[in-house]
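Below is one structure, written out as structure tokens, with a few remarks after it.
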Amino acid sequence: SVKIKDSLLLTYETDYPAYFALKYSSDALSVKELPQIAGNNVNYLNYIVSDSILYIILVNRKHKYVHKVTIDSSFADQMKEFRNLLSDTDMSVNARKKYESFSSIGYDLYSVLISPVRKYFISDELLISPDNILSYLPFETFLSSPVSGEEILYRTLPYLMNDFSISYTYSASFMKETSGRKYGNSRRLVAFAPLYTRPVHIDSL
């Protein structure tokens, strides 16, 4: 079976070099290379999540910083609840409770995942490499300040996407591997977006 495996690896390396490089290459991207690959003005955020510890790794051309956070099961519960709120198709049921939960958890996630390293940002460009359950959360929807007031207006919330241009990458090594590739330029796009002619107040539904 060892010979079969070696033969298969040789086939990958010979016939599918791009796949082999992504899957089996041990070349790691150095911290110094990151700004060159990601962009000179980009803040690269890498998250590593375990059951009890969260690491936030920030790299840009000026700073290299690691922040450690102790977490427990309640953190995972918050992320799951936030994701469920985002995917809820009927926000009119228990509207106020859902709005308050969304606002509270959205700011809590920002406080844990973004706030500790925000002072090291050099621009409004974030490149995020999430981990584990974080991969299922759109960071754009985190709230950068607490919410007050009686009205239920999701459109006026202080979303992180109002402050930053956010993109994602699988990993720094993957980014390095794909940065030099050339892709077709067909300039084809189909895009759809809803249009609301007046504010929608959920309390009135």
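A few notes on this one:
- Residue that is over 19 Å from Met161 (Cα atoms) and touching a strand residue (DSSP E or B) at 6+ places or on another chain (Cβ under 7 Å), where the choices are Val117, Val112, Val66: Val66
- Residues of segment 49-76 satisfying the condition of being within 17 Å of the chain's Cα centre (by Cα) and among the aromatic types (Phe, Trp, Tyr): Tyr55, Phe75
- From Ser92, Ser145, Ser104, residue being among the polar types (S, T, N, Q), over 17 Å from Val49 (Cα atoms) and at pLDDT below 90: Ser92
- Breaking point among (1) open to solvent by 60 Å² or more (accessible area, probe 1.4 Å); (2) closer than 25 Å to Tyr44 by Cα; (3) outside any helix (DSSP H, G or I), for Ser148: (2)
- Apart from one condition, Ile122 fits all of (1) part of a helix (DSSP H, G or I); (2) out of contact with any helix residue (DSSP H, G or I) (no Cβ under 6 Å at 6 or more places or on another chain); (3) among the β-branched types (Val, Ile, Thr); the exception is (1).
- Screening Val66 with (1) open to solvent by 30 Å² or more (accessible area, probe 1.4 Å); (2) under 22 Å from Leu157 (Cβ atoms); (3) among the hydrophobic types (A, V, I, L, M, F, W, C) gives one miss only, at (2).
- Filter result for the condition that a residue is touching a residue at least 40 places away in the same chain (Cβ under 8 Å) and either open to solvent by 60 Å² or more (accessible area, probe 1.4 Å) or in a strand (DSSP E or B) (or both), over Ser167, Ser92: Ser167
- The set of residues from segment 118-133 being surrounded by fewer than 18 Cβ atoms within 10 Å (Cβ to Cβ) and closer than 22 Å to Ser74 by Cα comprises Asp131, Asn132, Ile133.
- Residue match in segment 81-89 (condition: at pLDDT 85 or above, closer than 28 Å to Val147 by Cα and in a strand (DSSP E or B)): no
- Enumeration of residues in segment 49-75 that are in contact with a Phe, Trp or Tyr (Cβ under 6 Å, 6 or more places away or on another chain) and not in a strand (DSSP E or B): His63
- Hits in segment 1-26 - residues which are within 24 Å of Asn132 (Cβ to Cβ) and either modelled with pLDDT of 90 or more or open to solvent by 100 Å² or more (accessible area, probe 1.4 Å) (or both): Lys23, Ser26
The values are calculated or read from the model by the stated rules, or taken from the named source; none is laboratory data. What you are looking at is a predicted structure, and each value in this text was computed from that prediction instead of being measured. Note that we place each Cβ from the backbone using ideal geometry, even for glycine, and neighbour counts take in every protein chain shown. Just so you know, the surface numbers come from the protein's heavy atoms only, side chains and all, with ligands and any DNA or RNA stripped out. Shrake-Rupley method; radii C 1.70, N 1.55, O 1.52, S 1.80 Å.
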